1. Whose amide H sits under 5 Å from the amide H of L271, counting only residues 5 or more places off or on another chain, with H placed in the peptide plane?
2. Using a cut-off of 20 Å between alpha-carbon atoms, which lysines can reach K233, once sequence neighbours fewer than 8 places away in the same chain are excluded?
3. Can you work out the Karplus-derived ³J(HN,Hα) for every residue in segment 112-127? Use 6.51 cos²θ - 1.76 cosθ + 1.60 with θ = phi - 60°, whole Hz, and x for glycine or proline.
4. So what is the relative contact order for the chain, in percent, with contacts set as C-alpha pairs under 8 Å and at least six apart?
5. Checking the table K7/K194; K35/K141; K7/K62 against a 22 Å threshold on Cα-Cα, which pairs fail?
6. Can you give the charge dipole size of segment 234-401 about its Cα centre, rounded to the nearest 20 debye, using +1 on the beta carbon of Lys and Arg and -1 on the beta carbon of Asp and Glu?
7. Compute the Cα gyration tensor for segment 148-215, then decide on rounded, prolate or oblate, letting a ≥ b ≥ c be the square roots of its eigenvalues: rounded whenever a/c is under 1.5, prolate when a/b is larger than b/c in the other cases, and oblate in all that remain.
8. Taking H placed 1.01 Å from N in the peptide plane, check which residues at least 5 places from V317 or on another chain put their amide H under 5 Å from its amide H.
Amino acid sequence: MNTSTIKILMFAPWFPPHRSSEAHTTGNLVLAMLKKGWQVDVVSEPRYELFDKMELSSYWTKLSPHCYPVPIRKTQQSAFHSYIDKIKALLTMKYPITGTSWARYAYKKALKLHEQHNYDVVLSRSPATYGHIPALQFSKKTKIPWVPNWNDVEPASRSPYPYSLGRDNKADFWTELFVQNALNVASHHTLPSKRLLDYMSYWAPDLISNSTVIPHIALENDLDTDKIEKGEKFTICHAGIFDGSRDPTPLLLAMQMLIQKYPNRSDKIELHLLGNNFNSTFDYPIPDYVRNIIKVLPWCDYEQSLSIMKRSTVLMVVEADMKEGIMLPAKLADYVHCRRPILSLSPPIGTMHDLIVDHGGGVVADCTSADDIMMALGKLYSSWESGRLDVDYALHGIDAVIGEHAVMSIYAGIFSGLNVLK
């Protein structure tokens with residue numbers, strides 16, 4: 001077969017129009033696959049309990065013919081019928097864990113789609129873990145290769161502090177059994193960072209020899225150059241809510257120190273916290289000295305958020321205080337797509353530190369140190385003031401690692417190795 005005829009089935013519970021970085025990353029991956037000429041169908045999960053409307057925005061229009069959300073919204077089931085539904089799911093999917101009911105619907109839908117399209121390979125995405133349940137059963141039944149992506153630590157209970165209690169903190173029996181079986185059965189695995197792979201290999205050593213690191217994909221955009229026009233204000237933008245694990249307090253203190261360092265230029269500096277509001281997602285104390293330069297911006301559509309990020313001077317990642325930063329934040333892909341320098345507040349040992357030190361594109365600072373963050377802010381501000389920001393922090397290096405061309409080449413290599421792409 002050739003690159004235009006490969007047929008991919010993907011299980012992705014979190015998929016547009018879900019409003020999360022992980023869903024956006026998967027949506028962009030599918031857009032890149034479609035652009036390459038591959039056929040992709042996605043079985044996802046509508047979350048009507050979270051959103052009144054589950055409609056694709058204009059950015060995701062091209063995905064519409066390839067989306068198969070299941071189950072379709074139903075009238076309220078009786079307790080008896082709900083119980084019967086769960087029993088059927090358990091008998092079909094074999095694992096009594098969260099998401100098994102959805103997995104049964106997804107599995108049934110996938111079999112019908114397979115009858116029509118005769119897929120070459122099946123992919124599955126996490127979060128959530130249950131995105132892999134129907135893929136496991138589907139691959140066993142159809143005998144086609146299966147490549148799950150482990151976006152985060154699975155089981156999640158083994159995540160490092162502050163997200164959980166560490167790699168020895170086992171989940172319940174059934175979750176542990178499912179993850180181990182998935183790790184053993186899959187044809188190949190993908191993970192977004194080498195440090196995450198190393199971390200999970202502690203309880204899954206075979207991952208080392210049967211996995212490929214594929215970063216979150218940064219799509220190409222229509223900007224002809226990385227040139228950053230020096231606007232009237234130096235704006236730092238952070239996209240996403242603060243979940244309690246990531247503490248912005250050192251950042252706020254650093255902002256105060258920056259204003260004190262440049263007292264005559266405070267009207268030129270702003271911090272935008274995109275996707276937040278003071279009443280729910282951002283309740284951290286803000287020093288009075290910097291309150292007037294912090295703008296808390298409410299959630300908006302994905303394309304609107306991209307527009308805001310493209311108009312910002314610097315885009316910021318804030319990571320949790322971990323002994324080792326094993327994750328690759330999904331929002332990084334959007335930042336690189338927007339072609340803006342990156343300020344990463346991260347553990348001194350970790351994926352983001354390695355990426356920026358090795359490939360440029362921004363500045364990394366210790367997420368626990370207000371002094372270190374202030375120094376990083378000062379470097380970026382001085383570069384902006386001199387009009388050299390696009391030169392000093394060009395994104396070509398990072399783009400060569402997580403850009404669309406790089407990521408799609410890795411997938412092509414995996415599919416060739418599985419003999420589904422020739």
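Computed from the coordinates by the stated procedures, all read-outs in this text should not be read as laboratory data. What you see is a predicted model, and the numbers here were worked out from it, not measured in a lab. Every residue, glycine as well, gets a Cβ built from its backbone with ideal geometry; the counts of neighbours run over all protein chains shown.
1. Sorted by chain and number, the residues that satisfy this are I236, I294, K295.
2. K233 reaches K261, K268, K295, K310, K379.
3. 3J(HN,Hα) across segment 112-127, in whole Hz: 5, 5, 5, 4, 7, 10, 6, 5, 9, 8, 10, 10, 9, 10, 10, x.
4. Values: 756 pairs, mean separation 59.9, N = 422.
Contact order relative to length: 14 percent.
5. Details: K7/K194 28 Å; K35/K141 30 Å; K7/K62 17 Å.
Among K7/K194; K35/K141; K7/K62, the Cα-Cα distance tops 22 Å for K7/K194; K35/K141.
6. Working: 14 positive and 21 negative charges, 106 e Å.
For segment 234-401, the charge dipole is close to 500 debye.
7. Numbers: a/c = 1.97, a/b = 1.23, b/c = 1.60.
Cα axes put segment 148-215 in the oblate bin.
8. L343, S344, L345
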